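See structure below.
Bear in mind that the values in this text are calculations on the coordinates, not laboratory data. On a predicted model such as this, the values are computed, not experimentally measured, just so you know. So basically every Cβ, Gly included, is an ideal-geometry build from the backbone, and we count neighbours across all protein chains shown.
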2 protein chains.
Amino acid sequence: MPDPLTIGLLGGTGPQGRGLALRLALAGHPVLLGSRDPGRAAAVTAELLAGRDLPVRGVGNPEAADRGEVVFLVFPYDGQAAVLPGLAAALAGKVVVDVVNPLGVDQAGPYLLEVPEGSAAEQAQALLPGARVVAAFHHAAPRLLADPDRQVETDVLVAADDEAAKALVVGLADQIPGCRGIDAGPLRQARHLEGFTAVIVAVNRRYKIHAGVRVARLGDDRRRRLGPAAARKERP
Amino acid sequence: MPDPLTIGLLGGTGPQGRGLALRLALAGHPVLLGSRDPGRAAAVTAELLAGRDLPVRGVGNPEAADRGEVVFLVFPYDGQAAVLPGLAAALAGKVVVDVVNPLGVDQAGPYLLEVPEGSAAEQAQALLPGARVVAAFHHAAPRLLADPDRQVETDVLVAADDEAAKALVVGLADQIPGCRGIDAGPLRQARHLEGFTAVIVAVNRRYKIHAGVRVARLGDDRRRRLGPAAARKERP
């Protein structure tokens, strides 16, 4: 069991937030599932746990930001630019994992929204200049994350400029059964991870599945040996 | 063995062109490997075949465009806008497979170039208004394609607005051992396929591999049953 880290989830009542809360708690980390409305956070948490004895607690977003050692952004894209500036002080110096997919949907299917900063993750970094922003977990199917009886089956491509923060998030991904954390390069690659979600969504619609993505020809020994290992033991 | 289709490759002397020429010829299709310089096309073809008895012939680009029933664009991105307008008449009505990845590289690694039309494939469609442009094969490692003793191991994500053309290219991908053709949605998704190549290149550099991409949780029965099947029998 790895050292437990307190995880804060901002906007955690949606499908991604619920799924990550469950999986990270199952991996042994205390989770603060945050929402604008703490009452709603508590209700969603009770429903999610369904009586299971796991360390997840519903709180307001400010408390999740304050007390989380690693903080996940799992709100919808259109909320990000409004919410983050008020949390910049609380998040300074912390590893912040942006899972936001800036997607729209029209008749032809999903499409990527124009983000002036290049990607949701780069926007988060611009709004949180003191944070160590990491883009990851875009392709983990929320429905599967939230169902502990099913396997998630996806590689978690991780983009960041801060190597130690990236290594930490790769390590968290590795703790979820069926997931493997993989270094996808610097933070600017986030635009391609977010964009690829539009491909996954289109594939899901066409084939009626909850697809994941695997990097083929990357064996696990090699992945561990050459991955961003620097900070496995570092506290965030 | 499927019905043979004459395949034209424009700019086919590069690694992608050579690899696709070899694999499509092994699948039973006559291939015209085109280059601006027919002499160079012939020399590259001789080297590629290395005495193997396969139906690949080196020709000039105009002949590959004229005589190909399905035509692949495998030149570097910076050549596309100059080359295509002169071939628009020859390519009208044909299935044109754009494999172009508009990538640059700087100190931080690979990055996607800005394409005014949104993607190289959409640019090709704009320059070839009569063609049936399909984006595909971005993530097949050229080095593996060109080595018949190695397995390519990648899913081939296929984006197109023309369902029959898409089905045809999915079928071609299926004929290469280790590849599976998968519908990735309309042509505008090409930008995400091209962008994801920057992720694959970064992963290759970090882990020193020739990675492919697999869609996880998509079984082959389902893939065939729900894929774009309309035109499996159609001649292009």
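Structure above, values below:
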read-out	value
Check: chain B dipole with +1 on Lys, Arg Cβ and -1 on Asp, Glu Cβ, in debye	580
Cα convex hull of segment B:88-140, projected area averaged across orientations, nm²	4.1
Long-range Cα-Cα pairs in segment A:132-171 (distance over 12 Å), rounded percent	59
Proximal aspartates and glutamates relative to residue A:166, as straight alpha-carbon distance under 15 Å, when same-chain residues fewer than 8 apart are discounted	A:69, A:98, A:122, A:155, A:174, A:183, A:234
Mean-position separation - Cα centroids, segment B:54-127 and segment A:1-36, in angstrom	46
Viscosity 1.567 mPa s, 4 °C: Kirkwood-radius Stokes-Einstein D of segment A:1-72 over Cα pairs, µm²/s	114
Percentage of interatomic Cα-Cα distances in segment A:46-116 larger than 16 Å	60
Compactness relative to 2.2 N^0.38 Å, alpha carbon Rg of the protein assembly as shown	1.02
Inter-label distance for residue B:92 and residue B:114, nm, one decimal - labels placed 7 Å from Cα along Cα-to-Cβ	3.4
Largest-first principal axis extents, alpha carbons of segment A:125-219, Å	40, 28, 25
Within chain A, helix-based [θ] at 222 nm, where runs of 4 or more DSSP H residues each add -39,500 (n - 2.57), nearest 500	-11000 deg cm²/dmol
Equivalent ellipsoid dimensions for segment A:165-229 as semi-axes, Å, which come from the Cα gyration tensor, largest first	23, 15, 11
Three principal axis lengths of chain B [C-alpha, angstrom, descending]	45, 41, 39
